[in-house]
Amino acid sequence: QAALLDDAHEDRQLVQAVHWIIPYFGRVTCTLILFTAQSVGPSFTATEDTMLTGSCLCGAVAYEADAPLERIVHCHCQTCRKTHGTAFSSVTAVPRENFRWTRGADRLGAIESSPGKFRRFCTQCGSHIMAERVAQPVVLLRLGCLDTPVTDRPQIHIWRSDAAPWYD
């Protein structure tokens, strides 16, 4: 069952989880489909330049990632909803080796929202900027803090089984 998985699936490099909502005899069921890195699928880029930049609300913390924007994911898990005070959190994964803080690393706070997963935020304004599992090869950028213009559309909604009942 998708609802029984922890949120580790959202930042694995080789596996992407996708929830499909399927009506079944008047009830809504949730199906989890796994795509491996070898799966054929679209690749999306934010701009011709592959440098992604972002910052917090007050501008004290900033980052850059030398990586294309490949997949936009909306996560509806309860942890993301409570962390961001929204119906879902919009994220994209980038290689850890291509991510760097350019300003304000000393102003970062973190909360370990599940074992080994750290959500990094600005201690001055509270913006949640990124999340990471230290042993994973990718970090998750919170798209609300992305400064690079993005015209691509989200491709995946995950944890729909955990979605806010008032959203849709």
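What follows draws every value from the coordinates through simple rules; no lab data is involved. Owing to the predicted nature of the structure, the values given are computational and were not obtained by experimental measurement. Note: ideal-geometry Cβ built from the backbone for every residue, glycine included; neighbour counts use all protein chains shown.
Quick one: net charge of Cys56's neighbours, Cβ under 11 Å, K/R +1, D/E -1?
Spelling it out: positives minus negatives among the neighbours equals +3.
Percent of Cα-Cα pairs more than 16 Å apart in the stretch 81-143, please.
45 percent
Label-point separation (nm) for Asp152 and Val134, each offset 7 Å from Cα along Cα-to-Cβ?
Between Asp152 and Val134, the label points sit 3.0 nm apart.
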